[in-house]
Amino acid sequence: MGRHLRNARAKEEQAARISAERESLHARLAALDRRRALRERGPLTGDNTPTSDTLDTAQEAIAKEENLAVRGAMIERLKVLARADEKIREGTYGMCEACGKPILRARLRALPEAILCVPCAEAEEHRPLRSR
Ligand SMILES: [Zn+2]
């Protein structure tokens, strides 16, 4: 009984951490998109000599690419967080999505959105990336 209660509370805490994380990610994503919209709108200030133009364009391209990578990572993380949230509602939170075994508590404490156990997560990471 006591143990059950503690578990329920722990689950609530994890749920709260997950939704806080989702909110902050959403906010960061929105900020990123705002910054990008601003940058894409303007002609940038500065002189118009061809050299600086070329440089600006290159820097712009790099910034854009970094932005996209960051954005992609955020969106991936949001997906995982949403799935963890779902698992809490389903009552499968703390169980590995791939093998169904319980996920270590220490892992869940460190990474509330963990939906894979350590071996499965490692297998996932080492899987070659699908076509980009
Ligand atoms: Zn697993």
Can you tell me which condition Lys101 does not meet? The list is (1) surrounded by fewer than 17 Cβ atoms within 10 Å (Cβ to Cβ); (2) of a type outside the set (Gly, Ala, Ser); (3) under 23 Å from Ala16 (Cβ atoms), and all the others hold.
(3)
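Please verify whether Lys79 is open to solvent by 60 Å² or more (accessible area, probe 1.4 Å) and within 13 Å of the ligand (Cβ to nearest atom), treating the condition exactly as stated. It would help to see each step written out before you state the result.
Working: open to solvent by 60 Å² or more (accessible area, probe 1.4 Å): yes; within 13 Å of the ligand (Cβ to nearest atom): no.
Considered against the rule, which asks whether it is open to solvent by 60 Å² or more (accessible area, probe 1.4 Å) and within 13 Å of the ligand (Cβ to nearest atom), Lys79 comes out as no.
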Cross-chain or 6+ apart pairs with Cβ under 8 Å, segment 72-84 first and part of a helix (DSSP H, G or I), then of a type in the set (D, E, K, R) and open to solvent by 50 Å² or more (accessible area, probe 1.4 Å)
Met74/Arg28; Leu78/Arg22; Leu81/Glu21; Leu81/Arg22; Ala82/Arg22; Arg83/Glu97
Within segment 57-69, can one find any residue that is open to solvent by 60 Å² or more (accessible area, probe 1.4 Å), under 30 Å from Ala8 (Cβ atoms) and either modelled with pLDDT under 90 or within 15 Å of the ligand (Cβ to nearest atom) (or both)?
no
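The values are calculated or read from the model by the stated rules, or taken from the named source; none is laboratory data. Keep in mind that this is a model prediction, so the values were computed, not measured. All Cβ positions, glycine included, derive from the backbone under ideal geometry; neighbour counts span all protein chains shown. For accessibility, only protein heavy atoms count, side chains too; no ligands or nucleic acids. Shrake-Rupley method; radii C 1.70, N 1.55, O 1.52, S 1.80 Å.
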